[in-house]
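The values are calculated or read from the model by the stated rules, or taken from the named source; none is laboratory data. It should be emphasised that the depicted structure is a prediction, and the values quoted were computed from it without experimental measurement. Positions of Cβ are generated from backbone atoms using ideal geometry, with glycine treated the same way; all protein chains shown enter the neighbour counts. We work out accessible area using only protein heavy atoms, side chains counted, and drop any ligands, DNA or RNA first. Shrake-Rupley method; radii C 1.70, N 1.55, O 1.52, S 1.80 Å.
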Amino acid sequence: MHLGLYGGSFDPVHRGHLLVAQAALEELSLDRLVFIPAAQSPFKPGTHPAPGQQRIRWLRMALSGQTRCHVDPIELDRGGVSFTIDTVRHFRSRFPDSRLFYLIGADQVRLLPQWREAESLATMVEFVVIPRPGAQVVTLPGPFRLRSLRGWPLDVSSSLVRHRLMQGLPVGHLVPDPVAEALRSENAYPGLPC
């Protein structure tokens with residue numbers, strides 16, 4: 001199984017997170033992508049995110065209907081500072097035969113060597129970098145295995161929506177929900193599967 005782990009504060013979750021999730025599902029052929037809201041980031045000690053249960057509720061609302069996306073409150077349940085190594089060990093023990101991918105923002109790449117037990121972490125997961133629009137992709141020497149998503153930022157156009165409809169891929173992440181519903185219910189493009 002290909003299992004993606006997507007940590008962050010998600011305070012609140014937004015369409016950018018959902019666009020990243022869809023790109024990761026497609027490009028990495030993920031069987032499952034798990035959103036893991038942090039209790040407290042070790043790199044943001046002075047921040048006070050919205051209450052964990054509220055962020056969980058927002059994520060579940062945003063992911064409603066997404067069968068391959070799940071929310072896991074493990075870091076919120078654990079409390080305190082959220083260290084990725086603890087979370088990755090948890091998922092490695094639950095899914096020992098899975099290939100693990102961990103999504104991180106491009107701004108975190110240079111900090112990877114400072115993460116708790118970084119060298120152990122590097123052997124357990126493949127990091128997938130979410131590039132920032134206009135920023136250069138950063139690379140690191142071993143032991144980290146890095147790759148970048150190509151689908152971020154997604155170039156949204158009408159022809160892209162039609163193309164995705166032809167391939168039977170979802171478009172709800174590209175267009176507002178009422179538009180996606182109209183495309184399905186009205187069969188707006190005859191001959192294209194909706």
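Note on the range 5-60: residues that are touching a Cys at 6+ places or on another chain (Cβ under 9 Å) and either closer than 19 Å to THR84 by Cα or among the aromatic types (Phe, Trp, Tyr) (or both) amount to 6.
Select from the range 100-114 the residues that are outside any helix (DSSP H, G or I) and open to solvent by 30 Å² or more (accessible area, probe 1.4 Å) and list them in ascending order. Passing the criteria: only ARG110. Of the residues making up the range 16-57, those that are open to solvent by 70 Å² or more (accessible area, probe 1.4 Å) and out of contact with any His (no Cβ under 7 Å at 6 or more places or on another chain) number 8. Of the residues making up the range 34-49, those that are part of a strand (DSSP E or B) and in contact (Cβ under 8 Å) with a residue 60 or more places away in the chain number 0.
Please determine, by comparing only the residues of the range 78-99 that are hydroxyl-bearing (Ser, Thr, Tyr) and out of contact with any Pro (no Cβ under 8 Å at 6 or more places or on another chain), which one is surrounded by the most Cβ atoms within 10 Å (Cβ to Cβ). Result: THR84. Cβ separations smaller than 8 Å between residues 6+ apart or across chains give the following pairs from the range 81-92 residues that are touching a residue at least 60 places away in the same chain (Cβ under 8 Å) to residues that are in a helix (DSSP H, G or I): SER82/GLU75; THR84/LEU121; THR87/ILE74; THR87/GLU75; VAL88/LEU121; VAL88/MET124. In the range 50-64, the residues that are among the β-branched types (Val, Ile, Thr) form Cβ pairs under 9 Å with partners that are part of a helix (DSSP H, G or I), at six or more places apart or across chains, as follows: ILE56/LEU76. Can VAL128 be described as outside any helix (DSSP H, G or I), closer than 19 Å to LEU19 by Cβ and at pLDDT 85 or above? Considered against the rule, which asks whether it is outside any helix (DSSP H, G or I), closer than 19 Å to LEU19 by Cβ and at pLDDT 85 or above, VAL128 comes out as yes. In a residue-by-residue description of the range 59-68, the property of being at pLDDT 90 or above, surrounded by fewer than 15 Cβ atoms within 10 Å (Cβ to Cβ), assigned to a loop (DSSP other than H, G, I, E, B) and out of contact with any Lys or Arg (no Cβ under 8 Å at 6 or more places or on another chain) applies to at least one position.
Scanning the range 69-98 for residues that are modelled with pLDDT of 95 or more, outside any helix (DSSP H, G or I) and aromatic (Phe, Trp, Tyr) yields a count of 1. Residues of the range 1-24 that are over 8 Å from the mean Cα position of the chain (by Cα), in a strand (DSSP E or B) and within 23 Å of PHE43 (Cα to Cα): GLY8 alone. Scanning the range 115-125 for residues that are outside any helix (DSSP H, G or I) and open to solvent by less than 40 Å² (accessible area, probe 1.4 Å) yields a count of 2.
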